[in-house]
Each structure stands twice: as structure tokens, then as C-alpha cells.
Amino acid sequence: MTTLTSVMESADAVALTLCGVVLLASLAVWSMSRPRGFPPGPLGVPILGSVFSMTASPEEIFVRWSKQYGDVFGFKVGQRMIVVINHQDAIREALLKHGIEFAGRPDFFSFGVFTYGFKDIIFSSYSDTWKLHHKFAHSALRQFASGKRLEHLLHGSIAKMEGYLSKMDDSEPVDPKLVITLLLYNVMSTMCFGKDYDFLDENLIAWKENNEKLNQEFGMGVAADFFGWAQYLPTPGVKMVHRMRDELHRFVWDELDSHKKNFDPDNVRDVFDMLLLAQKEAADSGNQDAEKLSDTHLVLTVSNMFAAGIQTTTETLYWALAFMVEHRDIQSRCQAEIDRAIGRKRVPVVDDRGSLPYTEATLYEVMRYSSILPIAVPHATTCDVNFRGYRIPKGAVVMFNTYSMHYDPNAWESPTSFKPEHFLEDDGSVQQHPSSFLPFGAGRRSCLGEVAAKTDLIIIFTWLLQNYCFKTVPGKETTSLLRVIENSAVGRNLENYELIMEMRK
Ligand code: HEM
């Protein structure tokens with residue numbers, strides 16, 4: 001009897017083990033399967049997919065894979081299907097000819113938390129609510145951040161920065177990131193909140209620090225974006241996104257409260273007032289837009305402008321100054337051009353752009369070389385898409401590897417060298433739109449702030465070179481300033497550095 005029971009028990013154990021093995025094997029096979037017609041690509045490992053390939057610099061790995069699998073390839077990370085599109089022809093075709101099909105955003109866990117359930121512009125998928133806020137943000141930028149109005153904002157903030165810099169000892173090493181960031185915070189806050197902040201306003205500094213903390217903590221991203229079940233685990237990533245969301249938006253919520261108290265529909269002073277007016281009009285007329293214009297939507301639209309506008313412009317200028325230190329000959333050529341076109345006495349204006357071709361080409365070359373957002377912001381398919389003979393299912397994550405355009409040896413004379421001439425025609429004029437250059441994206445989800453960003457960059461960069469020489473810190477001549485932070489999903493940002501910012505005689 002005992003023998004019979006133990007035989008039966010061991011048979012049960014074997015059966016259970018077998019079931020477990022079959023289940024795991026099926027799960028492994030299922031996890032590696034792809035829908036019919038899905039683009040080819042690396043298989044990765046069962047369950048996890050290609051997660052281990054997503055180490056530092058995915059954009060460089062993608063360029064390598066595009067040589068193996070072609071311009072369009074796909075793979076899985078956890079449950080997510082990811083498609084990467086490389087090089088100018090395929091990227092432009094997807095963004096311009098299949099605009100709406102590729103205009104979604106992934107429903108990542110972190111995006112959803114940061115945006116109180118996708119109520120913003122940057123991370124929300126293509127929808128009527130997105131269209132409405134996109135339209136408002138577009139007209140807000142046109143009304144408050146273009147032409148003479150933006151020039152006026154920039155001049156006000158530059159004057160504050162000048163006052164701050166004039167008190168510093170210009171022979172001491174300085175990290176220029178603080179002044180550039182504060183300058184841009186000032187411009188953006190004046191535009192959105194209509195307030196004239198001190199250059200070192202403590203709220204702006206606290207907000208800047210929160211943004212930096214978020215970037216550091218975000219690192220390579222959050223596992224729960226790829227492995228849905230991970231959002232229910234109390235991991236540091238999951239806790240971080242909840243905590244950072246509240247810290248990041250608090251300042252904008254405070255501004256909303258104070259705007260509501262002083263709101264006068266006949267006197268629209270800034271972007272927040274403009275959004276409040278839209279909210280009021282929708283509520284008064286009882287139309288269906290009212291629910292799309294909740295306070296949360298308004299706060300996130302303004303928060304987006306800060307998040308999208310300040311960090312990108314700051315990083316571009318940070319790279320630009322590092323290049324000026326590493327390429328003193330280019331710095332001198334820009335300064336000679338600025339001295340000839342503007343002189344030293346007046347602040348640069350928007351209309352100077354046309355007479356600064358070398359300086360403008362230098363900035364474009366900074367954008368190409370730095371490629372600060374090498375795979376832009378991830379897109380997603382809004383429906384099943386047939387593209388170049390492949391079938392990409394609805395909801396797949398789509399990454400546009402613009403880095404592959406910016407470093408394409410077939411498109412640039414010497415892509416790994418820093419050469420403003422890449423953007424100059426033979427007659428010395430600037431090539432505004434080379435075909436393999438897309439720092440602001442294209443199509444439906446292209447950057448809303450492209451025009452404003454170009455004005456910010458040329459005026460600030462020109463002013464800095466007009467008034468200062470950027471030099472290496474003595475004793476640190478052999479340390480390059482162009483060190484890209486590794487393991488960052490946020491973009492190709494430089495490690496913090498110091499330089500000498502010497503006032504020009
Ligand atoms: C050098 C500066 C800048 C660069 C390189 C840059 C680049 C980009 C890129 C690559 C995207 C994503 C495109 C895509 O998803 O395909 C983007 C989106 C966006 N940018 Fe910029 N940007 C800059 C400055 C600004 C400024 C100054 C603002 C506003 C004040 C702004 C507002 C936005 C917004 C709202 C989006 C989201 C658009 C959407 O999801 O539909 N950006 N930007």
C-alpha cells in the first residue's frame with residue numbers, strides 16, 4: 001500500500017513538473033512569437049525579449065541592427081512590440097505619408113502617471129483632446145513667443161543674466177548650465193505666468209532642481225513601461241514616478257490658483273489667461289470641449305511647454321559652449337561675424353539672423369552632432385499599419401531613429417567631425433533644411449516650439465559670444481567637455497563641466 005501511494009505521489013510530482021515545464025516552454029515560445037508580417041529583428045531571450053540589448057546608447061545599437069535587418073526592424077521588450085525606423089527615406093515616408101497612423105504615443109505606465117491619465121500634449125495619444133490642446137499650445141506660442149514679443153522676453157531675461165554675470169569673477173571656473181537654465185526659466189515663466197521673476201527666484205530654482213532630479217532618477221526608464229505587472233510592485237521606479245509627478249507640477253498648480261483669482265477675460269496677459277479664457281468660453285456655451293479643458297489639462301499644457309522647451313534648449317546651448325571651448329577657431333570665426341554684423345554695443349535681435357550665416361550654421365551643426373533627442377519621443381501606431389511590406393499592429397511602439405540620419409555617411413561629408421560647413425552652401429548661405437536633418441521631428445507630432453527654439457538659440461548664443469570668450473579651465477586642457485552621460489533614456493546629455501567665461505575686452 002505504502003509503495004503504491006509513493007509511486008502515485010511521485011507520478012503526481014512528475015506530472016506536475018511536466019505541466020510546469022510545458023507551461024513555461026509555451027510561455028517562452030509565446031513571448032518570442034511575433035504577429036504575421038511583423039518586421040524582422042533580433043529575437044532576444046524568452047519572456048524578457050531584447051531588454052539586455054537596451055544598454056547605453058540605443059540609437060547606436062539601432063544603427064548596427066539596421067545594417068543587419070534593414071531600415072525597418074522590430075523586436076520585443078517584455079510584452080511590448082517595438083519597431084524602429086531608420087534613415088531619411090523611411091523616416092520621412094512614415095512621418096509624412098502615414099502621418100496619422102504613426103501619430104500615437106505608447107500607453108507607458110510612467111507616461112500615464114506623470115500626466116494624471118494622459119491629459120497632456122507630449123505623452124497623450126492622437127485624439128480629439130490632444131488636437132484641442134495642440135491647437136491652444138500652438139496659438140499660445142504664436143501669440144506670446146514669436147517675433148518681437150519673444151525678442152522682448154529674451155532681452156528682459158538677458159539683462160537679468162547680465163546683471164548676475166557681472167558680479168562674478170570671470171577668471172574663476174564656472175558651470176554655465178545654471179545661468180542658461182535660469183535664463184530660459186525666466187523667459188518661459190514670464191510668457192506663461194506673466195510675472196517678472198528675479199533671476200534667482202527660489203521657486204524657479206526649486207523647480208529646476210526637481211526636473212534635474214527626475215532626469216537622473218529616470219535613468220534608463222521604468223521597468224513597468226515594458227512589463228505591465230511591474231507597476232504593482234513597490235519598486236523604486238514605481239514609487240519615483242508617483243512622487244516626482246506631484247513635486248513637478250506643484251508650482252504650476254499654485255500659479256493656476258493665483259491666475260484664477262485675478263482672471264479678467266477682457267485682459268488676457270499670458271498663456272495661462274489664454275487657457276482660462278478658453279475654459280470659461282467652453283463652460284459658458286456648454287459645448288463638449290468643456291470636459292477636455294479641466295484644470296488638470298490646463299496645468300499639464302503649461303507644464304509641457306516648460307518640460308519640452310527648457311531642457312532641450314538648455315542642452316543644445318550646453319553642447320554649443322562645450323564645442324566653442326574645444327574648437328576655438330570656430331568660436332573666433334563666429335565672434336568675428338557677430339562683431340561685423342552687430343558690433344558690441346547692442347543686444348542681438350531676431351532680424352540679425354540673416355546676417356549671421358556662419359553662427360547659424362554652427363548652431364545647426366551643434367544640433368546635428370549632439371542629436372540630444374536621438375530617437376525623439378516614442379510614437380505608437382494608432383491602427384494596424386502596412387508599411388514597406390510589413391504589418392505593424394495597432395499600439396506597437398515606434399521609434400524614429402533620427403540619429404541614423406544625423407550620422408549617415410551617405411548624407412554628410414564627415415559625420416563624426418564637427419564642421420559648420422555641413423550647413424553652408426558654396427555661396428556662404430545657410431542650408432535651412434538638409435534632407436538628412438530632423439532635430440525637431442516632422443509630421444503630426446513634430447515639435448511645437450521649433451520656431452521659438454530657433455529664435456531662443458540664435459539670440460542667446462550670439463549674445464554670449466558677443467560678450468564672452470569661452471576657454472578651458474587651466475590645468476584641465478586634456479579633459480574633453482564632450483562627455484555624454486551613459487545610461488540615460490532622457491537623451492544625449494553632457495556630463496556637467498566647467499569652463500572659463502572671460503568677458504571680452
Ligand atoms: C532645441 C530645442 C528643441 C528641440 C531639439 C526639440 C525637439 C523636439 C522633438 C524631437 C520632439 C518630438 C517629436 C516627435 O515626437 O516626433 C518635440 C516635441 C515637442 N516639443 Fe520640442 N524641441 C525643442 C524646443 C521646444 C520648445 C522651446 C517648445 C515650447 C515652448 C517645445 C515644445 C514641444 C512640444 C509641446 C512637443 C510635443 C509635441 C507632440 O507630442 O505632439 N519644444 N520637440
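To the nearest 10 degrees, how steeply does helix 271-285 sit against the main Cα axis of the chain, on a 0 to 90 scale? With rounding to tens, the tilt is 60 degrees. Taking the fewest neighbouring Cβ atoms within 10 Å as the starting point, the ordered list for Ile485, Ile459 is Ile485, Ile459. Here the stretch 429-505 is treated as a Stokes sphere of Kirkwood radius computed over C-alpha pairs; at 20 °C and 1.002 mPa s its diffusion coefficient rounds to 134 µm²/s. Taking each residue as 0.36 nm, the span from His327 to Val349 lengthens on full extension beyond its C-alpha to C-alpha distance by 5.4 nm.
Let me check I've understood the local charge: for Ser258, count other residues with C-beta under 14 angstrom from its C-beta, Lys and Arg +1, Asp and Glu -1. What total comes out? Mind showing how you got there, number by number?
Details: positive: Lys195, Arg250, Lys260, Lys261, Arg269; negative: Asp254, Glu255, Asp257, Asp264, Asp270, Asp273, Asp295.
Around Ser258, the charge tally is -2.
Less than 5 angstrom separates the built amide H of Gly104 from those of Tyr126, Ala380, Thr382, all sequence-distant by 5 or more or on a different chain.
Once you keep just the Cα pairs under 8 angstrom separated by 6 or more residues, what percentage relative contact order results for the stretch 55-101?
Numbers: 28 pairs, mean separation 11.8, N = 47.
It rounds to 25 percent for the stretch 55-101.
Across all C-alpha atoms in the stretch 37-503, the radius of gyration and Dmax reach 22.4, 68 Å. Selection among Ser370, Thr190, Ala341 by position relative to the dipole of the stretch 37-503 gives Ser370 as farthest towards the positive end (Cβ unit charges, Cα centre). In terms of surrounding Cβ atoms within a 10 Å radius of their Cβ, Glu151, Glu450, Glu360 rank from fewest to most as Glu450, Glu151, Glu360.
Once the Cα atoms are used to define both axes, helix 295-326 deviates from the longest principal axis of the chain by about 70 degrees. With everything on Cα atoms, drop me the angle between helix 450-467 and the longest principal axis of the chain, reported from 0 to 90° to the nearest 10. Between the helix axis and the principal axis of the chain, the angle is about 50 degrees.
For the stretch 140-259, what ratio Rg/Rh do Cα atoms give with a Kirkwood hydrodynamic radius?
Computed over Cα atoms, the ratio is 1.08.
Relative contact order of the stretch 37-503: 25 percent, from C-alpha pairs under 8 Å at least 6 residues apart in sequence.
Residue order for His406, His327, His87, fewest other beta carbons within 10 angstrom first, comes to His327, His87, His406.
So what is the orientation-averaged projected area of the stretch 289-338, using the convex hull of its C-alpha atoms, in nm²? Approximately 5.0 nm², given one-decimal rounding. In the chain, a dipole from Cβ-located charges (positive for Lys and Arg, negative for Asp and Glu) runs towards its positive end, and of Ile158, Gln143, Leu438 it is Leu438 whose Cα lies farthest in that direction. Taking 16 Å as the straight-line reach from the Cα of Lys213, the lysines in range (excluding those fewer than 8 positions away in the same chain) are Lys177, Lys239.
Values in this text are rule-based calculations from the coordinates and carry no lab data. Given the structure is predicted, the values throughout are model-derived calculations rather than measurements. Note that we place each Cβ from the backbone using ideal geometry, even for glycine, and neighbour counts take in every protein chain shown.
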